[in-house]
Amino acid sequence: MRYSIWSLINQALTGNRNWTPVWREPEPKSHYDIVIVGGGGHGLATAFYLASRYGMKNIAVLEKGWIGSGNIGRNTTIVRSNYLLDGNEPFYEQSLQLWEGLEQDINYNAMMSQRGIINLYHSDAQRDSYVRRGNAMRLHGADAELLNQDQLRSLCPFLDYENARFPIMGGLLQKRAGTARHDAVAWGYARAADQRGVDIIQNCDVTDFLIKDGVCTGVETSKGTIRAGKIGVAVAGSTSRVMAKAGLRLPIESHVLQAFVTEGLKPVIPGVITFGAGHFYISQSDKGGLVFGGDIDGYNSYAQRGNLPVFEDVCEGGMAIMPMIGRARMLRNWGGIMDMSMDGSPIIDKTPIDQLYLNAGWCYGGFKATPASGLCFAHLLARDEPHKVASKLRLDRFRRGAMLDERGAGAQPNLH
Ligand SMILES: Cc1cc2nc3c(=O)[nH]c(=O)nc-3n(C[C@H](O)[C@H](O)[C@H](O)COP(=O)(O)OP(=O)(O)OC[C@H]3O[C@@H](n4cnc5c(N)ncnc54)[C@H](O)[C@@H]3O)c2cc1C
């Protein structure tokens, strides 16, 4: 079924009785050309681009839970390409360009909303570093504008400019950034991949890898043995646990990140705003809830829930830039498991085991990367060479000392 205004009118006039399931529920076959482990955003996008752009057939996505149960359904939905480093910016800009055409590509309303992101600056030194970042962005074809305080005031009159501990001097604006609805992205990619013949197998836990003489030929799962020509792993927060089954120890730690949502309010936040002197970011959902977050909890964990000290720290961050937020009532919060790499940048690469490929290290920025990550992982799986915008996202950069340390925090995964 193709979604369009006509199909919507047709369904409305016939009592909405003829909608078909969004994807099939096939039983796994015993062999596929390519198996993707992990049905999050990245795994589903990889399968979609393998089928749609690289003409690959006979593909399965194996998901241990249900589609949308991982971080793809737990994030704060921010999409942007405001990176500094050469190894990162072209990749994230490619991703933003894919976001801009995504809904047409997958024929699904992902509620992509380019309302802009503003990174606040609070000192001359921080302004100068944003000037540098903005220049790097523009050199890679992205958009960036430095706002002074007057320009920022006209967009965000509610910010606390003078009385704050860290007075707000201005911001770096990327107008093409914004938000997309996270679970719609998962459903949309799943539907579009399914329509191109990809088998999406839910409730299929990958429990082991079939490896002989350094070659991976399949996986053991809760639904039996599945053999494959190539196996791509995209399990985000579970990366270290899953890859340990293949005998690999990776430069990745798992940490918890929490998200928070208030009751619905009338439109008040124009786009995404981030605090420059602490860790706090906020946007407003289409339902009106303020959606915000901050630091990771700071200890290793595989639990999808966090603790109160970070809750307090995040709320303090909000109060520091917009005291009005103190009047809003918190509705809910949750946590997700982040695959924090040692330099804060991702990995899309072959592993030392033949036919086993890795997509990981997304830290808390992997949602915005979903389209480019899928495209680049598909390229790697189909062609056996890195896509040009992911050429620096290699696993051996840690051994070679060629870090992509966007934040300059050193080898401290909890600080990226
Ligand atoms: C609170 C929070 C806020 C965030 N905010 C943002 C944001 O604003 N912007 C942004 O860009 N990023 C954000 N992120 C990060 C982003 O959500 C993740 O980096 C990204 O979703 C990870 O990729 P994924 O979608 O493929 O992961 P997931 O959806 O987690 O997919 C991995 C899948 O692998 C499956 N799996 C694990 N083990 C196995 C196994 N053994 N067998 C089979 N399947 C398995 C899991 O069940 C899961 O469904 C946030 C994350 C969180 C938690």
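Confirm whether residue 382 is small (Gly, Ala, Ser), within 14 Å of the ligand (Cβ to nearest atom) and over 16 Å from the mean Cα position of the chain (by Cα). Considered against the rule, which asks whether it is small (Gly, Ala, Ser), within 14 Å of the ligand (Cβ to nearest atom) and over 16 Å from the mean Cα position of the chain (by Cα), residue 382 comes out as no. Beta carbons closer than 9 Å, at least 6 apart along the sequence or on distinct chains, pair a first residue in region 275-297 that is more than 12 Å from residue 325 (Cβ to Cβ) with a second that is among the aromatic types (Phe, Trp, Tyr) and surrounded by fewer than 19 Cβ atoms within 10 Å (Cβ to Cβ) for 276/166; 277/166; 278/166. Taking region 197-305 and the strands (runs of 3 or more DSSP E) fully enclosed by it, the elements with 2 or more residues that are at pLDDT 95 or above and basic (Lys, Arg) are at 224-233. Restricting attention to region 140-168, the residues that are acidic (Asp, Glu), part of a loop (DSSP other than H, G, I, E, B) and without any contact (Cβ under 8 Å) to a residue 24 or more places away in the chain add up to 1. Remark: pairs (first residue in region 220-242, farther than 12 Å from residue 62 by Cβ; second residue in a helix (DSSP H, G or I) and not hydrophobic (A, V, I, L, M, F, W, C); Cβ separation under 6 Å; 6+ apart in sequence or on different chains) = 236/71.
Scanning region 202-248 for residues that are β-branched (Val, Ile, Thr), under 25 Å from residue 371 (Cβ atoms) and within 9 Å of the ligand (Cβ to nearest atom) yields 206, 233, 235, 239, 242. Could you please let me know if residue 259 is touching a His at 6+ places or on another chain (Cβ under 7 Å) and either acidic (Asp, Glu) or within 10 Å of the ligand (Cβ to nearest atom) (or both)? In short, no. In region 1-27, the residue that is surrounded by the most Cβ atoms within 10 Å (Cβ to Cβ) out of those that are within 28 Å of residue 367 (Cβ to Cβ) and touching a strand residue (DSSP E or B) at 6+ places or on another chain (Cβ under 9 Å) is 23.
Of the set (1) in contact with an Asp or Glu (Cβ under 9 Å, 6 or more places away or on another chain); (2) among the charged types (D, E, K, R); (3) part of a loop (DSSP other than H, G, I, E, B); (4) modelled with pLDDT of 95 or more, all apply to residue 349 but (3).
Note on region 1-119: no enclosed helices (runs of 4 or more DSSP H) hold 3 or more residues that are touching a Gly at 6+ places or on another chain (Cβ under 6 Å) and more than 30 Å from residue 293 (Cα to Cα). Of all residue pairs spaced 6 or more apart or on separate chains, those with beta-carbon atoms under 6 Å, a first member in region 22-46 that is farther than 19 Å from residue 98 by Cβ and a second member that is within 8 Å of the ligand (Cβ to nearest atom) and outside any loop (DSSP other than H, G, I, E, B) are 37/62; 37/206.
The values are calculated or read from the model by the stated rules, or taken from the named source; none is laboratory data. Note that this is a predicted model, so its numbers are computed, not measured. Cβ: placed from backbone, ideal geometry, glycine included. Neighbour counts: every protein chain shown.
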